[in-house]
Amino acid sequence: MSFRYEFRLSGSGGQGLILAGKILAEAAAIFDGKNATQSQSYGPEARGGSSRSEVIVSDEEIDYPKAVNIDLLLCFTQEACDKYCTDIKDNGILLVDKNYVTKTPKGRFKVYSLPITEIAETKIGKALVANIVALGVITGLTGIISQQAVESAILSRVPKGTEELNLKAFNAGIELAQQAG
């Protein structure tokens, strides 16, 4: 039986979701030795428009790089949740930032409504790393990509001088997932 797991990270431009998707894909492909693709789309606005990053992880070749049957959907905005929630497969996961997504849909999926940005602000001191906190939550909830692989990808992708801050954010997300799980 082949393995395929589809992630969609959605919100608005400027929230770091494209970077988060690249980190997930790199962690899976380079550091965990799995097959992975990453694709992205965003509105014409640089900041504030819609933004989406998709990552597919598989143990076989990936013949179609777009996510169509979402295993985990991350939503940083209500608009993203409303738009994409119907794409989550049965028994999938809907992960929302509870301070920005207040209406979660009913469905045949598990909902985690967590204070992702709030944790970034209070525990790390920068809302800017909410995307990395979310990566920690995703890693902790799914176990699809190893924690060590994601840490390595974070270190290779984040701006020099921010590595410690980002690893602290990632670990805060892992902790949040353990509390929620």
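Descriptive notes on the structure:
- Search result, residues across segment 16-44 that are in contact with a helix residue (DSSP H, G or I) (Cβ under 6 Å, 6 or more places away or on another chain) and not in a helix (DSSP H, G or I): GLY16, ASP32, LYS34, ALA36, GLN38, GLN40
- Listed by position, the helices (runs of 4 or more DSSP H) contained in segment 85-181 that have at least 3 residues being closer than 28 Å to ASN69 by Cβ and either of a type in the set (Gly, Ala, Ser) or touching a Phe, Trp or Tyr at 6+ places or on another chain (Cβ under 8 Å) (or both) are 130-142, 147-157, 163-180.
- Pick from segment 136-169, criterion of a type in the set (Val, Ile, Thr) and touching a strand residue (DSSP E or B) at 6+ places or on another chain (Cβ under 8 Å), ranking: surrounded by the fewest Cβ atoms within 10 Å (Cβ to Cβ): THR142
- Looking only at segment 61-110, and only at residues there that are in contact (Cβ under 8 Å) with a residue 60 or more places away in the chain, closer than 18 Å to ILE144 by Cβ and of a type in the set (Val, Ile, Thr), the one that is surrounded by the fewest Cβ atoms within 10 Å (Cβ to Cβ): VAL68
- Residue satisfying all of: in segment 122-135; of a type in the set (Gly, Ala, Ser) and in contact (Cβ under 8 Å) with a residue 60 or more places away in the chain; surrounded by the most Cβ atoms within 10 Å (Cβ to Cβ) among these: ALA134
- Scope segment 1-16; condition of a type outside the set (D, E, K, R) and either touching a Pro at 6+ places or on another chain (Cβ under 8 Å) or at pLDDT 95 or above (or both); matching residues: TYR5, PHE7, LEU9, SER10
- Among the residues listed as ASN91, ASN69, the single one being farther than 26 Å from LEU155 by Cα, of a type in the set (S, T, N, Q) and at pLDDT below 95: ASN69
The values are calculated or read from the model by the stated rules, or taken from the named source; none is laboratory data. Just so it is clear, the model here is predicted, and its values are computed rather than measured. Because the Cβ atoms are built from the backbone with ideal geometry, glycine has one as well, and the counts that use them run over all protein chains shown.
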